[in-house]
Amino acid sequence: MSKIEVDEIVNQTGDNDSGIDLSTNDNIKFDIAGSQKAIIDSSGNVGIGTTSPSHELHITGSSDTRAIITSGGSGDAVMMFENASGNTWGH
C-alpha cells in the first residue's frame, strides 16, 4: 500500500491561501482565502465558522449565533441554538 505524507496545506497549484491544512496532528482544517473556515477535530467534532467545536456539529455564524447538533448523550438527536452570551434554546 502506498501513501502520500504531507505536513502542511494541500492546495491547488497557485492558490497558496486555500486548501486542506494537515499541519496539526489529529485535526483536519479547511482554509479559504487565508483563514480557517471549518475543522474536524481529534474527537470527530465538526466545526464550521469556529476553530474549536464543542459538539458533534458546531456552526457559528457571522452574528455570533451558533447552531449545535449533538446526540445529547442518550442517542436522541438534539439541536440547540446559543447566542454570544451563552444562552441556549431549542431541541
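The values are calculated or read from the model by the stated rules, or taken from the named source; none is laboratory data. Quantities reported herein were computed from a predicted structural model and do not represent experimental measurements. When the accessible area is computed, the model is the full protein with side chains, heavy atoms only, and any ligands, DNA or RNA have been set aside. Shrake-Rupley method; radii C 1.70, N 1.55, O 1.52, S 1.80 Å.
Worth a mention:
- For the range 13-67, the relative contact order comes to 19 percent (Cα pairs under 8 Å, sequence separation of at least 6).
- Straightening the chain between ASP26 and ASN87 buys 18.9 nm, computed as 0.36 nm per residue apart minus the Cα-Cα spacing.
- Hydrodynamic radius by Kirkwood, which averages 1/r over all alpha carbon pairs of the chain, in angstrom: 14.6 Å
- Under a 5 Å amide H cut-off, with hydrogens placed 1.01 Å from N, LYS37 pairs with PHE30, ASP31, ILE32 among residues at least 5 apart or on other chains.
- Accessible surface, per residue, of the range 1-57 when the full set of protein chains is kept, probe 1.4 Å, Å²: 72 Å²
- Fraction of accessible area attributable to carbon and sulfur, the range 1-66 (%, probe 1.4 Å): 49 percent
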